[in-house]
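The values are calculated or read from the model by the stated rules, or taken from the named source; none is laboratory data. Small disclaimer: the values here were computed from a predicted structure and weren't measured. Because the Cβ atoms are built from the backbone with ideal geometry, glycine has one as well, and the counts that use them run over all protein chains shown. Heavy atoms of the whole protein, side chains included, go into the accessibility calculation; ligands, DNA and RNA do not. Shrake-Rupley method; radii C 1.70, N 1.55, O 1.52, S 1.80 Å.
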Amino acid sequence: QVQFVESGGGLVQPGGSLRLSCAASGSIGSIYRMGWYRQAPGKQRGLVATIGNGDSTNYADSVKGRFTISRDNAKNTVYLQMNSLKREDTAVYYCYAAFGGIMYWGKGTLVTVSS
């Protein structure tokens, strides 16, 4: 069983910043990839950013230049620094960890960008 502790979500004004974190624990092996997806109301869940063991990163076009993903392998933790937030970034953000050919998901943290 895998557990996640997600934190950092909340309400922020347009142009503001937030930092999400997600720590994985439990019966986990060598984590291949970690990252974040998001789901806005009425929309499908979509990729935000991912990071591999060798720190290779992948970003959705909509967040490039504004969001930065990083990870601490010793702590099995992934971070998402979000700057210059826009209203359209409002969504539930889900972290995941991939290992053993399976993706494990956190329960999500809500980010609301509003004035």
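Things to note:
- Phi-based couplings in Hz for the stretch 6-23 (Karplus 6.51, -1.76, 1.60; Gly and Pro marked x): 9, 8, x, x, x, 9, 9, 7, x, x, x, 10, 9, 10, 8, 9, 8, 10
- Against the criterion of solvent-accessible heavy-atom surface with a 1.4 angstrom probe, PHE67, PHE4 sort, most first, into PHE4, PHE67.
- Solvent-accessible area per residue, Å², over the chain with all protein chains present [probe radius 1.4 Å]: 53
- Cβ charges +1 (Lys, Arg) and -1 (Asp, Glu), total dipole of the stretch 56-103, debye: 80
- Distant-in-sequence amide H partners of ILE31 (H built 1.01 Å from N, under 5 Å): none
- For LYS43, the aspartates and glutamates whose Cα falls under 13 Å of its own Cα, not counting residues fewer than eight places away in the same chain, are GLU88, ASP89.
- Pair ASN58, LYS86: separation of 7 Å Cα→Cβ label points (nm): 2.2
- Amide N of the stretch 68-105 lying under 12 Å from the label point, which is placed 7 angstrom from the Cα of ALA40 along Cα→Cβ: 86-92
- Given charges at beta-carbon only (K, R positive; D, E negative), |dipole| of the stretch 9-74 in Debye: 200
- Cut-off 10 Å between beta-carbons: net charge of the residues surrounding VAL113, Lys and Arg +1, Asp and Glu -1: 0
- Rounded percent of accessible protein surface that carbon and sulfur make up, the stretch 1-67, 1.4 Å probe: 46
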